[in-house]
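Heads up: the structure comes next, in structure tokens.
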Amino acid sequence: MVKIAPSILSADFAKLGEEIKEVESAVDYIHVDVMDGHFVPNITIGPLIVDAIRPVTDLPLDVHLMIENPEHYIQAFVDAGADIITVHQEACPHLHRVVQQIKQAGVKAGVVINPATPVESIEYVLENVDLVLVMTVNPGFGGQSFIPSGLNKIKQLFDLRSEHGYSYEIEVDGGVNQDTAKQCIDAGADVLVAGSAIFNKENRIEAIKAIKESL
Ligand SMILES: O=C(CO)[C@H](O)[C@H](O)COP(=O)(O)O
Ligand SMILES: [Co+2]
């Protein structure tokens, strides 16, 4: 079963609770994009907002940390109600330690790779993570175009999982819409993140349906 994780980055922040309620029956995770203005050029939200949306839904909150020194903020996001925390390989010189820290805090641990980062760079944490997120845009903004080279990485991660019996989910984020979703699923992705393809549409449920039907 393909999972859909709408990214609230493209939602109306003045009515975030209502926007989440509108989509929750049709999706599997709520994807929360955290940006610090250092690791990526944009600044978005922090633990306060995660805490505010936590009572709105029972769906897992999939928190994508695009920040430097994520190890300083893991506990704050866990306390705020995150269920899955993903950190960028590029932001973590001690990636294995940060993955352990997330798991010890009692939530699922994910690792993310940028479009220019190879799968080989995370080879030695694959046995430890619950999720691998493949970026198909350069992180920082919603509404960018899909970078197809991510498809090879999805396939590589799918094959490595079969070969070694790993258990991570493969998630893809950036430019996923009804034209690009099928390629991701065919390559082996389990979870599709979509922001603008859902929240920039008038009818969000129809938009989610269109993505599912495109598969
Ligand atoms: O992590 C992200 C950007 O850094 C977002 O999750 C992603 O861009 C979703 O937006 P869209 O579906 O519009 O590309
Ligand atoms: Co994201």
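The values are calculated or read from the model by the stated rules, or taken from the named source; none is laboratory data. Source: prediction; values computed, not measured. Reconstructed Cβ throughout: ideal geometry from the backbone, glycine too, with neighbour counts over all protein chains shown. Just so you know, the surface numbers come from the protein's heavy atoms only, side chains and all, with ligands and any DNA or RNA stripped out. Shrake-Rupley method; radii C 1.70, N 1.55, O 1.52, S 1.80 Å.
For the pair Glu123 and Asp186, the difference between a 0.36 nm per residue extended length and the Cα-Cα distance amounts to 20.5 nm.
Solvent-accessible area assigned to carbon and sulfur over the chain amounts to 49 percent, based on a 1.4 Å probe.
Write down the percent of antiparallel bridges among all DSSP beta bridges whose residues are both part of the chain, to the nearest 5. Here the share of antiparallel DSSP bridges comes out near 5 percent.
Heavy atoms of the protein chains alone define the surface here; on that basis the chain has 44 Å² accessible area per residue at 1.4 Å probe size. About its Cα centre, region 159-215 has a charge dipole of approximately 240 debye under the convention of +1 per Lys or Arg Cβ and -1 per Asp or Glu Cβ, with nothing else charged. In region 3-214, if the dipole is taken from +1 on Lys/Arg beta carbons and -1 on Asp/Glu beta carbons about the Cα centre, which of Leu157, Asn114, Ala207 is farthest to the positive end? Final value for the positive-end residue is Ala207.
Let me have the 222 nm mean residue ellipticity of the chain computed from DSSP H runs of 4+ only, each contributing -39500 (n - 2.57), with the sum over all residues rounded to the nearest 500.
Helix-only estimate at 222 nm: -9000 deg cm²/dmol.
Under the combined filter of DSSP loop state and at most 13 neighbouring Cβ atoms within 10 Å, region 69-143 retains these GluC sites (Glu not before Pro): Glu127. Once you've got the Cα coordinates, tell me which of Lys15/Lys108; Lys153/Lys209; Lys3/Lys201; Lys108/Lys201; Lys15/Lys201; Lys15/Lys103 are over 23 Å apart. Those over the limit are Lys15/Lys108; Lys153/Lys209; Lys108/Lys201; Lys15/Lys103.
Lys/Arg Cβ at +1, Asp/Glu Cβ at -1, dipole of region 123-190 taken about the Cα centre: which of Ser167, Leu133, Phe146 is farthest positive-ward? Going by the charge dipole, the pick is Phe146.
Taking Cα centre as origin and charging only the Cβ of basic (Lys, Arg, +1) and acidic (Asp, Glu, -1) residues, the dipole magnitude of region 3-214 rounds to 120 debye.
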